[in-house]
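So the structure is just underneath, and the comments pick up after that.
We did not get these values from a lab; they are worked out from the coordinates using the rules stated. Note that the coordinates shown come from a computational prediction; the quantities given were computed from them, not determined experimentally. Methodologically, a virtual Cβ is constructed for each residue, glycine included, from the backbone with ideal geometry; neighbour enumeration extends over all protein chains shown.
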Amino acid sequence: MLNQTQILREGEDLWVWKDEKHKFTVKSTYLKLKTLIIGENSNMFNMLWSIKVAPLSQYFAWRAILNKIATKENLSRRGLQLAETSCVLCGLEEENTTHLFLTCRIANMVWNFCNKWVGISSVQHNQLNMHFQQFSLMALNSKENKIWKGLWISIIWNIWNHRNKIVFKQGKVDPEEIFTLIHLNAWAWMKYKVPHVHFSYNDWNLYPIECIKSIT
Ligand SMILES: [Zn+2]
């Protein structure tokens, strides 16, 4: 990003941005990165950061949308020599962010469990950022859908954790286990982060939409 040095006749040399005359500082770097990385997606990220979930999962979802997580594809792109790059969940295709969370047949089973749970069917977008933005329910208003999007973070987070359990702890692929943890996490996050959550885990399992409507 730093393009060139400016040679002055007197005084110290300065780092400057290619398209600006401003001096390089940590703050300017931050602002520049924020514009470059987040740019037009700022509304989406503002939404993401305003959802009340565990901070680590929120940070992970942010990195996943930016494709900055350590998938096999990203690791090989960074020059790491991997014995194989196939998806650890299905073993059929290369593991990249889109495949792992959206197009993998195991991930699909997880999304379908969720759809069945709330009684909907949906066509999913195959880009993670669009998928996140479109993850909403007709039955909910915008405030309620913001709470609902916490489930999306839980889904991404738990698919990734399950993947890591297989890679690092010889776990077995089990989409039902992923789904169980997804709605358990989502409920626990609401319980401790969102004010006025009084429903039980059992209610959440049985009547997810009514539960969310009872909060606001
Ligand atoms: Zn797969």
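Numerical summary
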read-out	value
Karplus 3J(HN,Hα) series, Hz, for the range 192-204 with 6.51 cos²θ - 1.76 cosθ + 1.60 (x for Gly, Pro)	9, 10, 9, x, 6, 9, 10, 7, 8, 4, 4, 4, 4
Spatial separation of Cα centroids for the range 186-201 and the range 94-128, in angstrom	25
Prolate/oblate/rounded label for the range 51-215 (Cα gyration tensor, a/c 1.5)	prolate
Members of LYS72/LYS165; LYS68/LYS172; LYS146/LYS213 lying beyond 19 Å, as alpha-carbon distances in this model show	LYS68/LYS172
Estimated distance in nm for a label pair at HIS196 and VAL123, the labels positioned 7 Å out from Cα along Cα-to-Cβ	3.7
Residue-span extension gain [GLU176 to ASN74] - 0.36 nm each, minus C-alpha spacing	34.0 nm
Packing-based order for 108-114, 49-55, using average beta carbon neighbours within 10 Å, highest first	108-114, 49-55
FRET efficiency estimate (nearest 0.05) - Cβ-Cβ, GLU210 to LEU184, R0 22 angstrom	0.75
Percentage relative contact order, the range 53-125, counting C-alpha pairs under 8 Å, at least six apart	19
Loop-located chymotrypsin sites (Phe, Trp or Tyr not before Pro) in the range 121-216 whose Cβ has at most 14 other Cβ within 10 Å (DSSP)	none
FRET efficiency, 1/(1 + (r/R0)^6) with R0 22 Å, evaluated for ASN46 and MET138 via beta carbons	0.45
